[in-house]
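For reference, the structure is listed below as structure tokens.
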Amino acid sequence: MPELIQNCLTMMNVKLSLQRKSDCKRTVSVEQYDQRSNYGNRSWKRDHCCIFCQRMLSKMACHLIDCHRHEAEVRKAYNLPVKSPDRRILLERLMCVGDYYHNMDVFDKGYGDLIVLRLPTEQQHSFISLP
């Protein structure tokens with residue numbers, strides 16, 4: 001029995017420490033563009049928010065085709081040829097709308113990272129990136 005109580009207390013301490021850490025990051029921020037990854041190559045780290053499931057993903061077109069094929073907008077893009085400009089425009093539009101809803105949610109909460117179309121190379125205030 002004492003082990004169970006001790007485990008519960010340690011779990012509560014972990015939750016409190018996580019809450020304290022999350023309270024420290026209560027700001028709206030824009031991630032700065034990092035030209036180089038840890039390996040010296042170009043950094044391709046760029047996540048977008050899915051409009052349908054609100055998940056952060058780096059390969060949004062593949063995710064939309066694989067997981068949300070039944071949605072009407074994705075079905076239109078799926079029926080077009082693979083490398084057609086119209087398909088690319090439709091999928092990019094869905095990606096941008098998902099990013100927009102994510103940014104509006106960040107502004108409503110008052111904290112989080114904004115997803116901007118072009119990452120800044122220098123540190124700047126988040127109010128410059130208002131939609």
Determine ³J(HN,Hα), in whole Hz, for all residues of segment 67-72 in sequence, where each value follows from phi through the Karplus function 6.51 cos²θ - 1.76 cosθ + 1.60 and θ = phi - 60°; x replaces Gly and Pro.
9, 10, 4, 7, 6, 4
Distance (nanometres) between label positions extended 7 Å along Cα→Cβ at TYR111 and ASN41:
3.5
So how do CYS96, CYS62 line up by other beta-carbon neighbours within 10 Å, fewest first?
CYS62, CYS96
With r as the distance between the Cβ atoms of ARG118 and ASN79 and R0 = 22 Å, compute the FRET efficiency 1/(1 + (r/R0)^6) and round to 0.05.
0.10
Between SER29 and TYR101, take the C-beta separation as r, use R0 = 25 Å, and let me know the FRET efficiency to the nearest 0.05.
0.85
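Here, each number is a calculation from the coordinates, and none is a lab measurement. Note that the coordinates shown come from a computational prediction; the quantities given were computed from them, not determined experimentally. With ideal geometry, Cβ positions are generated from the backbone for all residues, glycine too; neighbour counts draw on all protein chains shown.
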